[in-house]
Amino acid sequence: MTIKTNLLIAAASSMIVAAGATAQTTSPTVPATPQTVPATAAPAAPGAATPAAPTAAPTTTIAAALPTLPNRATLTKLVTAAKLQTTLAGPGPYTVFAPSDEAFTRLPAGALDTLLKPESAPTLATILKYHVVAGAITSDQLKAQITAGGGKTTLTTLAGQPLIASLGPNGNIELTDTAGIKAYVDTADIKETNGVVHLTNGMSVPKLG
């Protein structure tokens, strides 16, 4: 890896951290809604995040499901670039907090392109692993952990760094990263054969470098 490449990766990492500090996500104005609820369905009562409605037993892994999830094309591309498909197709189980496409648009110009370069794969893998926790943790289980922890619980991610979970103002699960930036779960409990996916409205950024 050349000095120029190392500098590009370092610059991209710095831009991501800086972007996180200035692109705070906001709590959804309505509670988390299930993926299977029709658009015309009445919203759940304020303050009560709603898990996904029970469906048939899952038949695909998290890796296979990601391309089918709404507004997760960028995340799918990044997982491929970081070579994490095998991990997310493995037995797990895992809990994945999956940022929306819109969340990645908050990155500074050029940062995403740099992270997609093959030489950036280790840095990209660290960022993505920060969104993955060992074990299949449903929203109800996570809320129970938050309650037991006096209002918050610390999740150890596959990146080896802590991610803090608490409850946001509308009852949605709130994730706070190492820089204090928040993201919120807006669709919970998408169950797959090797774990569960919670859709979020923002990125969580680990310490890099």
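The values are calculated or read from the model by the stated rules, or taken from the named source; none is laboratory data. Every value quoted in this text rests on a predicted model; they were computed, and no experiment measured them. All Cβ positions, even for glycine, are placed from backbone atoms using ideal geometry, and neighbour counts span all protein chains on display. To get the accessible areas, we keep the full protein, side chains included, count just its heavy atoms, and leave off ligands, DNA and RNA. Shrake-Rupley method; radii C 1.70, N 1.55, O 1.52, S 1.80 Å.
Residue 111 meets all of the listed conditions (1) under 15 Å from the mean Cα position of the chain (by Cα); (2) under 19 Å from residue 159 (Cβ atoms) but one, namely (1). Condition check: closer than 18 Å to residue 195 by Cα, in a helix (DSSP H, G or I) and open to solvent by 20 Å² or more (accessible area, probe 1.4 Å). Does residue 80 satisfy that? Against the criterion (closer than 18 Å to residue 195 by Cα, in a helix (DSSP H, G or I) and open to solvent by 20 Å² or more (accessible area, probe 1.4 Å)), residue 80 does not qualify. Once the range 156-188 is narrowed to residues that are open to solvent by 10 Å² or more (accessible area, probe 1.4 Å) and among the hydrophobic types (A, V, I, L, M, F, W, C), the residue that is farthest from residue 122 (Cα to Cα) is 167. Only residues that are open to solvent by 10 Å² or more (accessible area, probe 1.4 Å) and in a helix (DSSP H, G or I) were counted across the range 132-154, and they come to 7. All of 129, 191 fail the test of being within 13 Å of the chain's Cα centre (by Cα) and surrounded by fewer than 20 Cβ atoms within 10 Å (Cβ to Cβ), apart from 129. Filtering the range 100-156 to residues that are polar (S, T, N, Q) and in contact (Cβ under 8 Å) with a residue 24 or more places away in the chain leaves 100, 114, 120, 123, 126, 138, 139.
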